[in-house]
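Contents: one structure, followed by commentary.
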Amino acid sequence: MNFNGIDFDTYFKNYPSEDGYFGKYGGCYISDELKKAMAEITEAYFTICKSAKFISELRRIRKDFQGRPTPISHLERLSSSLGNVQLYVKREDLNHTGAHKLNHCMGEALLAKYMGKKKVIAETGAGQHGVALATAAAYFGLQCDIYMGSVDIKKQAPNVARMKILGANVIEVTHGLATLKEAVDAAFEAYAREYKDAIYCIGSVLGPHPFPMMVRDFQSVVGIEAREQFVSMTGELPDAIVACVGGGSNAAGFFSGFLNDPVEIYGVEPLGRGEKLGDHAASLKYGTEGIMHGFNSIMLKDENGDPAPVYSVASGLDYPSSGPEHAFLRDVGRVKYDVVGDEQTIDAFFALSRLEGIIPAIESAHAVAYGVKLAQRMGKGSVLINLSGRGDKDMDFVIEKYGIR
C-alpha cells in the first residue's frame, strides 16, 4: 500500500534509515563516547536479530515463560451498550508481568547476555517497564538498577514492591517534577558512567538509535499476533485500531502489524486536565520539533525551548515527547493522533471493569476511552484496541482519588 508517497510494502526495510532516522525524526544526539556504546549495541543487535539461535530462544521464552500469544477478547456487553460497533481488545494485560513491556525487556536482556554485560539499567514511570526488566534480569541472572521519580514511587507502590522482590535496585529520583522525564535523565547519567559493564534498556520507542527501532521490532509480536487472531476470529480485518501513546512502545508494536492494511489507525495521547501547558502530555497534538534524550522528535516546550512540565493521570504517559516513528507516521498521515482527558479515561476504567470483568491499566484506559468515542462516531464496523496492561498497580490510586463509581 502506498500512502502519501510512502510504500508500506517495503516500509520496514527503509525505516529507520541506516543512521536511525524516520524522515527527519530520530538520530543519535549524544556524546561521542556514548555513540561508540550505541554503535556496539547496534552491531550486536543486527548480528543476532537474524540469528536462528536468538530467534528460536526468544520464541521459546515468549511461549513458555511469557505465555504468548495473548488472546483477543470481544467486548460484547460494552459494545451492546454503545450500539452496533463491535469492540475487541488485544489482551497484553495477560502477558507475564501484566503488560506489553516484557516483550522488549526479554529481548534487550537476551541482547545484554550476548554482549557480555553484567547489568541492565532503566527508567520507569508506571513501573511496568521496571517490573518487566527486573523480571528479565532475574531470568538471565543480571544486576538491575531502576530509576523512578518519587511522585511515581508513591503512586505505583505495588510495582515498586514487585521490583524489589525480583531483586532490582530501585533508585528514587527527586529533582524537577520527579516523574518519568527526570527518571530518564538519571538513568542516562548512570549509563554514561557504567556503559562498559551495563546496557541501558530503554522502556519505549525513544532515545538514540538503535532503541526506537529495536523496541519496535521486539514489540511487533503484538501487531503480528493481533492481525492473525482478528482475521481468524472474524474473517476480516478491523475497521480501526487504537492504542495509547506516551513514548509509544505498545502502539508502535501494535500498529506495525496493520500499517500496510486498509485499516484506520489511531494513537491516543493524554489530555490530562486540559489544553493548558503543564496540564497534559499530548506532545504530538500540541508540541513542536525538538531534541531531548538523544533523539529528535515532537516535544512540548516551555518559554525557553526546554522540555515543558507535563501531567497525566497515567504515570506511564507523562512524558514531554514521543517516539520519532510516531512523529513520522503523524506527518505522513498514516496514523491519526488524538487525545482523551482524565475524566473520560477514568470513566472507561470503570466501564471496562464493570461490564467486562477486565480492570485495565490507566494508560490502557485512555485507548479504551477513545475506542468508545470512536464507536459512537462510526455507527457500524469494528474497533480493535490494544489493552497494553492491567490495572492492579492503579487500583489504590484510583480509589483514593476518584472513589468507586
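Taking all protein chains as they are arranged and a probe of 1.4 Å, the heavy atoms of ASP306 leave approximately 80 Å² accessible to solvent. Ranked by solvent-accessible area (1.4 Å probe, protein heavy atoms only, all chains present), the residues ASP19, ASP32, ASP392 order from largest to smallest as ASP32, ASP19, ASP392. Go ahead and collect, in residue order, the members of the range 246-269 whose backbone nitrogen is under 18 Å from a label point 7 Å along the Cα-Cβ direction of ASN4. Zone members listed by number: 252, 255-256, 258-269. With q set to 0.12, 0.16 Å⁻¹, the log10 of I(q)/I(0) for the range 1-113, from the Debye formula over equal scatterers at the Cα positions, is -0.72, -1.05. Holding the Cα-Cα limit at 24 Å, pick out from LYS119/LYS181; LYS101/LYS164; LYS154/LYS301; LYS276/LYS301; LYS13/LYS380 the pairs that are longer than that. Check vs 24 Å cut-off fails for LYS154/LYS301; LYS13/LYS380. Largest first and in whole Å, the equivalent-ellipsoid semi-axes of the range 315-399 read 23, 18, 10, each the square root of five times a Cα gyration tensor eigenvalue.
So if the hydrodynamic radius of the range 212-306 is defined as the Kirkwood radius over C-alpha pairs, what does Stokes-Einstein give as its diffusion coefficient at 25 °C and 0.890 mPa s, in µm² per second? This corresponds to a translational diffusion coefficient of 164 µm²/s. Within the accessible surface of the range 292-405, defined with a 1.4 Å probe on protein heavy atoms only, the carbon and sulfur portion equals 50 percent. Taking one quarter of the surface of the C-alpha convex hull of the range 50-99 gives a mean projected area of 4.8 nm². Ordered by solvent-accessible area of protein heavy atoms (1.4 Å probe), largest first, the residues ARG162, ARG68, ARG62 come out as ARG162, ARG62, ARG68.
Volume per residue of the convex hull around the Cα atoms, evaluated for the range 174-251, comes out as 114 Å³. Entry comment: accessible area of the range 156-244 is 37 Å² per residue, from protein heavy atoms only and a probe of 1.4 Å. Computed from label points 7 Å out along Cα-Cβ, the spacing between ARG60 and THR234 is 3.7 nm.
On the range 158-218, 53 percent of the accessible area sits on carbon and sulfur atoms, based on a 1.4 Å probe.
Stokes-Einstein at 4 °C, 1.567 mPa s, Kirkwood radius from Cα pairs: D for the range 306-365 in µm² s⁻¹? My calculation gives 97 µm²/s for D. Please grab the % of Cα pairs in the range 65-177 that end up more than 17 Å from each other. Result: 59 percent of Cα pairs exceed 17 Å. Its residue count N sets the reference 2.2 N^0.38 Å, and the alpha-carbon radius of gyration of the range 130-260 equals 1.22 times that reference. The mean of 1/r over all pairs of different alpha-carbon atoms in the range 289-340, once inverted, gives a Kirkwood hydrodynamic radius of 12.0 Å.
Given the protein chains as shown and a 1.4 Å probe, how many square angstrom of LYS181 are accessible, to the nearest 10? Surface accessible to solvent at LYS181 totals approximately 40 Å². Evaluated over the Cα positions of the chain, the convex hull gives a direction-averaged projected area, one quarter of its surface, of 17.9 nm². Length gained on full extension, THR288 to HIS74: 73.3 nm, using 0.36 nm per residue less the C-alpha separation. Extending 7 Å from Cα along the Cβ direction at PHE350 and again at ALA138 yields two label points whose distance is 3.4 nm.
Every Cα-Cα pair of the range 355-397 was included, and the share exceeding 13 Å stands at 57 percent. Between ASP392 and SER81, the modelled label-to-label distance comes to 2.5 nm, taking each label 7 Å out from Cα in the direction of the beta carbon. Think of it as helices only: each DSSP H run of n ≥ 4 in the chain is worth -39500 (n - 2.57), and spread over all residues that comes to -13500 deg cm²/dmol at 222 nm.
The values are calculated or read from the model by the stated rules, or taken from the named source; none is laboratory data. Everything quoted here is computed from the prediction, not taken from an experiment. In this analysis, Cβ positions are derived from the backbone assuming ideal geometry, glycine residues included, and neighbour counts consider all displayed protein chains. Just so you know, the surface numbers come from the protein's heavy atoms only, side chains and all, with ligands and any DNA or RNA stripped out. Shrake-Rupley method; radii C 1.70, N 1.55, O 1.52, S 1.80 Å.
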